[in-house]
Amino acid sequence: MTLTGRLFSAQEAYRMGLVNEVVPLNELMPTAEHWAKEMMECSPLAIQATKEIIKNTGQPIDTLESVRRMRASEDFLEGPRAFAEKRKPVWKGR
């Protein structure tokens, strides 16, 4: 897609897995807010690391600062602990 510049419909983007959902225009903001809320339930350090990984595709993950910071955090332990205890994690961002 990057090399050809080919355009495609929202439905085709959905079929290719490039978008999570296709909705009518009047449902756009509530849907975007739903996805934002779902992302906000994740560890902020994991979100930062994910964004850095995407931005630096091809670079070894262990060399990325946000990944090192996430792995050394309290949140890195909280996720598996909360899962084992069958509760929602309490993210501290540290």
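Any read-out appearing in this document is the output of simple, stated calculations on the displayed coordinates, not a laboratory observation. Note that the structure is predicted; figures quoted are calculated from it, not measured. Here the Cβ positions follow ideal geometry from the backbone for every residue, glycine too, while neighbour counts run over all protein chains shown.
Each principal axis of the Cα atoms in the stretch 5-94 has its own extent, and those three values, largest first, are 42, 33, 20 angstrom. Cross-link partners of Lys86 among aspartates and glutamates, defined as those whose alpha carbon lies under 17 angstrom from its own and excluding same-chain residues fewer than eight positions apart: Glu41, Asp75, Glu78. Here the spin labels are modelled as points 7 Å beyond Cα on the Cα-Cβ line, and at Gln59 and Glu12 they lie 3.3 nm apart. In sequence order, the stretch 43-51 has phi-based couplings of 4, x, 5, 5, 5, 4, 5, 4, 4 Hz under the Karplus curve 6.51 cos²θ - 1.76 cosθ + 1.60, θ = phi - 60°, and Gly or Pro positions carry x. Summary value for the stretch 40-84: 37 percent relative contact order, contacts being C-alpha pairs under 8 angstrom separated by 6+ residues.
Report relative contact order for the chain in percent, whole number only (criteria: Cα-Cα under 8 Å, sequence separation at least 6). Let's see the in-between values first.
Working: 55 pairs, mean separation 19.3, N = 94.
Contact order relative to length: 21 percent.
Give me the dipole magnitude in Debye, nearest 20, for the chain about the Cα centre, with unit charges on the beta carbon: positive for Lys and Arg, negative for Asp and Glu. Mind dumping the intermediate values first?
Values: 14 positive and 13 negative charges, 56 e Å.
Taking the Cα centre of the chain as origin, the dipole is about 260 debye.
Annotation: the residues Leu7, Leu18, Leu45, sorted from fewest to most other C-beta atoms within 10 Å of their own C-beta, follow the order Leu7, Leu18, Leu45. Return the lysines within reach of Lys92: Cα separation strictly under 21 angstrom, same-chain partners fewer than 8 residues apart disregarded; answer none if there are no such residues. Output for Lys92: Lys37, Lys51. Stretching Asn26 away from Thr2 to a fully extended chain increases their span by 5.7 nm, per 0.36 nm per residue minus the current alpha-carbon distance.
Computed from backbone phi, the HN-Hα couplings of the stretch 53-63 come to 4, 5, 5, 10, 3, x, 8, x, 4, 5, 8 Hz, rounded to whole numbers (Karplus: 6.51 cos²θ - 1.76 cosθ + 1.60, θ = phi - 60°; Gly and Pro given as x). Which Cα, out of Ala49, Val23, His34, lies furthest along the positive dipole direction of the stretch 15-84 (beta carbon charges, K/R +1, D/E -1)? Selected residue: Ala49.
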